[in-house]
1. Work out the length of the dipole vector of the protein assembly as shown about its Cα centre, built from +1 on the beta-carbon of each Lys and Arg and -1 on the beta-carbon of each Asp and Glu, and round it to the nearest 20 debye.
2. A:Arg44 label point, 7 Å along Cα→Cβ, cut-off 20 Å on backbone N: hits in region B:9-34?
3. With the cut-off at 1.5 for a/c, could you classify region B:42-111 from its C-alpha gyration tensor as rounded, prolate or oblate?
4. For the cross-link pairs A:Lys9/A:Lys57; A:Lys14/B:Lys110; A:Lys71/B:Lys67, which exceed 30 Å when the distance is taken from alpha carbon to alpha carbon?
5. Straight distance only, please: which aspartates and glutamates reach the Cα of B:Lys42 with their own Cα at less than 16 Å, same-chain residues fewer than 8 apart left out?
6. Taking the number of other C-beta atoms within 10 Å as the exposure measure, put B:Tyr51, A:Tyr64 in order starting with the fewest.
7. Roughly how crowded by other chains is peptide A:41-50, in terms of the mean Cβ count from those chains within 10 Å of each of its Cβ atoms?
8. Counting Lys and Arg as +1 and Asp and Glu as -1, what is the net charge of the other residues whose Cβ lies under 14 Å from the Cβ of A:Gln17?
Amino acid sequence: NAGVTQTPKFQVLKTGQSMTLQCAQDMNHNSMYWYRQDPGMGLRLIYYSASEGTTDKGEVPNGYNVSRLNKREFSLRLESAAPSQTSVYFCASSSGLNYGYTFGSGTRLTVV
Amino acid sequence: QKEVEQNSGPLSVPEGAIASLNCTYSDRGSQSFFWYRQYSGKSPELIMFIYSNGDKEDGRFTAQLNKASQYVSLLIRDSQPSDSATYLCAVPGAAGNKLTFGGGTRVLVKP
């Protein structure tokens, strides 16, 4: 069982470059989420998708866009990367909040 | 006031002792609470879920909920060096469709 798969695992970008973080889940979950984790800041929600075809902003959406491509896939795009976006990014999925989240392994992004 | 607050630690406990972690939350309407464990460089993994009042036990882990005082605790009995990790508390947001996480408590179990 793959669970939640994130790619890439590591990435270094130059300021102003763009990239897309990919996330796919094989658990038939309706809801998917993107969080970033920074030292001392905990996990902060960037965007989420409660169901296929819907997306909503979280706590820190500025500088990001998302696409819920289908039920399995939820991508996060940085259009013009900034050093402040250096972070570890986690994708998660859920079948309902009574069951919590399943997290992917994370993407460690450095913007120089 | 943050929605979910935890002492960042580190909480240092000797091997075999009980580690006690607390998490306070601001939304009185919160019904369910989650504890995640996160090893350094790894993703969070769900270890406990508690709904409504009372205690829940799973192996060496016990979650205790006190709704009147708006806190949830995690006890780790017979602590092992492998329990050294950061423990994250999470609570559903007011809309009920996403989790809000505390900053985490770092636990160090010393042999």
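The numbers here are math on the coordinates, done by the rules we state, and not lab data. Since the structure is predicted, the reported quantities are computational estimates derived from the model, not experimental observations. Neighbour counts are summed over all protein chains in view; Cβ atoms, including those assigned to glycine, are modelled from backbone coordinates with ideal geometry.
1. Values: 21 positive and 17 negative charges, 77 e Å.
Charge dipole, the protein assembly as shown, about its Cα centre: 360 debye, nearest 20.
2. B:9, B:26
3. The shape class here is oblate.
4. Details: A:Lys9/A:Lys57 24 Å; A:Lys14/B:Lys110 41 Å; A:Lys71/B:Lys67 36 Å.
Those over the limit are A:Lys14/B:Lys110; A:Lys71/B:Lys67.
5. Counting by Cα, and skipping residues close in sequence, B:Lys42 has these aspartates and glutamates nearby: A:Asp38, B:Asp83.
6. B:Tyr51, A:Tyr64
7. For peptide A:41-50, the averaged partner shielding equals 4.
8. Local charge sum for A:Gln17: +1.
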